[in-house]
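Below: one structure, written as structure tokens.
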Amino acid sequence: MGKIALLFLIVIWVCIAECQAIAIAADVIPKDQQAQIEGLCYSALLSPAAKENWPDLRSFNILSVTGDQVGNFSKTEAIVGPGDCSVTVEVKTRQRGSATLTLTFHAEAGGKYVLRPVYRGKGIAATIQNMDTGEYVARTWPTRKSRSAQESNALVDAP
């Protein structure tokens, strides 16, 4: 077997092992209390669907997870207990540069969440979506207050 083929097999094996490294969460969080955060496989293992949705994405890696209860985490997945937690990701793209982004949200026991990059103009951002409800529980850009909410407050406060 050639050196290039052997090197290729080693890289594939390491990437697959990394994507599956989170199979068992830390024993400190009871199974029924665990919330799972799913990211994207990184670098060369981006799926065809990921490459279609984010054509210039080079990598999208979980760097750290903090909170009241943190189980195992890898570059692609994390297990946390219920409560407030923060997920820091590193995003690298070909055209939009790179960024380190932190998302903070309240994890529910047994919840399943999906962490995804978002292209915003020439920049890159990220979201966390609750897979059961479809609700976005965190994002890295500020929300705008609706105009109608501001107008209604002005009417209430008027003499």
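The values are calculated or read from the model by the stated rules, or taken from the named source; none is laboratory data. Note that the structure is a prediction, hence the values are computed from the model and not measured. When we count neighbours, we look across all protein chains shown, and the Cβ atoms used for this are built from the backbone with ideal geometry, even at glycine.
Restricting the stretch 95-134 to residues that are charged (D, E, K, R) and over 15 Å from the mean Cα position of the chain (by Cα) leaves a set whose member that is farthest from residue 70 (Cα to Cα) is 122.
Taking every residue in the stretch 57-83 that is within 17 Å of residue 100 (Cβ to Cβ) and surrounded by fewer than 21 Cβ atoms within 10 Å (Cβ to Cβ) and pairing it with any residue that is hydroxyl-bearing (Ser, Thr, Tyr) and modelled with pLDDT of 90 or more, at least 6 positions away or on another chain, the pairs with Cβ-Cβ distances below 6 Å are 63/88; 64/88; 66/86. The conditions of being in contact with a helix residue (DSSP H, G or I) (Cβ under 7 Å, 6 or more places away or on another chain) and under 17 Å from residue 58 (Cα atoms) are not met by residue 100. In the set 116, 94, only one residue is modelled with pLDDT of 85 or more, surrounded by 14 or more Cβ atoms within 10 Å (Cβ to Cβ), closer than 24 Å to residue 57 by Cα and among the basic types (Lys, Arg); that residue is 116. Scanning the stretch 26-53 for residues that are modelled with pLDDT under 90, surrounded by 20 or more Cβ atoms within 10 Å (Cβ to Cβ) and of a type in the set (Gly, Ala, Ser) returns a single hit, 39.
For beta carbons closer than 6 Å, sequence separation of 6+ or different chains, a first residue in the stretch 105-123 that is closer than 24 Å to residue 54 by Cβ and of a type in the set (Lys, Arg) and a second that is part of a strand (DSSP E or B) and at pLDDT 90 or above, the qualifying pairs are 112/36; 116/127.
Within the stretch 54-85, restricting attention to residues that are hydroxyl-bearing (Ser, Thr, Tyr) and over 10 Å from the mean Cα position of the chain (by Cα), the residue that is modelled with the lowest pLDDT is 59.
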